[in-house]
Amino acid sequence: MSASYFAPKGGHPGQDQLLTDRAVFTDAYAVIPKGTMRDIVTSFLPFWDNTRLWVIARPLSGFAETFSQYIMEVSPGGGSDKGETDPLAQGVLFVVEGTATLTVNGETHALTPGGYAYLPAQSGWTLHNKSDDMLRFHWIRKAYEAVDGLDHPEVIIANEQEIAPYVMPGTDGKWATTRFVDPSDMRHDMHVTVVTFEPGAVIPFLETHVMEHGLYVLEGKAAYRLNTDWVEVEAGDYMWLRAFCPQACYAGGPGRFRYLLYKDVNRQMKLR
């Protein structure tokens, strides 16, 4: 089945639209619906030409603690020769629309929808939109937590459509995760994956665990349990879940439910 990826287009609602929407911000979770991603809430970055972005997560008291996440929108001819300005920041790019021309370590790659790049700290990458169409991609950033005795990770370039998903045991293929990094590779302190539920599939228990989550719905719709609430979400919505926030999912269909998932992994718990 071909993949589908929702990308926001911005714009502005008319004066006749009702104010009612599904945005929720609590101490345990947040839901940022696709309808909130309008022109008026975009941001801009130094050294990025013809580019705007929606910031959907950032380190903040009572919000994301370990990462930031942007939806980048690069117009034709736009981009950056200085993509990352923080020497400690590693990044993951995931393309949802258009073609990104990424150069890293002296090699140039064309990232099309489903395209993934892991970019280690201080990799000095550049990215441009050399096509005639709009480019939209997710950019997830985390300060790398180095560990004595472990090498730093290397650049990874992939496309999720070319990777066989890992099927969760006992689910008959209805719940699967597309992994870009080997979970046993301790060099990595974050994982970004694509999770797929077929219609009718469920997370059959309330997951309650240490990993902080960011979930962007790429395709479909579902009912998601967040702490004590059932929340309906659809393609284009974003969810943040703090560590230990109980969570579960029911994918009612009619099509697949898929999301881009961030979580922090593989490190000792900070004690100070």
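The values are calculated or read from the model by the stated rules, or taken from the named source; none is laboratory data. This is a predicted model, so every value here is computed, not measured. Counting neighbours? That spans all protein chains shown, and the Cβs are built from the backbone with ideal geometry, glycine included. These area figures cover heavy atoms from the full protein model, side chains too; ligands, DNA and RNA do not enter into them. Shrake-Rupley method; radii C 1.70, N 1.55, O 1.52, S 1.80 Å.
Structure notes:
- Taking the chain as a Gaussian network of alpha-carbon nodes connected by springs under 10 Å, the highest mean-square fluctuation of the residues Leu218, Leu135, Leu18 belongs to Leu18.
- Measuring against 30 Å, Cα to Cα, the residue pairs Lys9/Lys270; Lys34/Lys130; Lys82/Lys174; Lys130/Lys174; Lys34/Lys263; Lys9/Lys82 contain Lys9/Lys270; Lys82/Lys174; Lys130/Lys174 as the ones spanning a longer distance.
- On the stretch 127-178, 47 percent of the accessible area sits on carbon and sulfur atoms, based on a 1.4 Å probe.
- Solvent exposure of the stretch 1-99 amounts to 52 Å² per residue of accessible area, where only protein heavy atoms count and the probe is 1.4 Å.
- Cα centroid separation, the stretch 126-204 to the stretch 15-72: 21 Å.
- For the stretch 1-138, size of Cβ-based charge dipole, Lys and Arg +1, Asp and Glu -1, in debye: 160 debye
- Rounded to the nearest 20, the size of the Cβ-charge dipole of the stretch 163-272 about its Cα centre is 300 debye, with Lys and Arg at +1 and Asp and Glu at -1.
- Candidates Gly106, Gly79, Gly115, ranked by Gaussian network fluctuation over the chain, Cα under 10 Å, top entry: Gly106
- Here the chain is treated with +1 on each Lys and Arg Cβ and -1 on each Asp and Glu Cβ, and its dipole about the Cα centre works out to around 400 debye.
- GNM on the chain, alpha-carbon springs under 10 angstrom: the most fluctuating residue among Asp189, Asp151, Asp237 is Asp151.
- Accessible surface computed residue by residue for the stretch 144-201, with neighbouring protein chains in place and a 1.4 Å probe, gives 53 Å² per residue.
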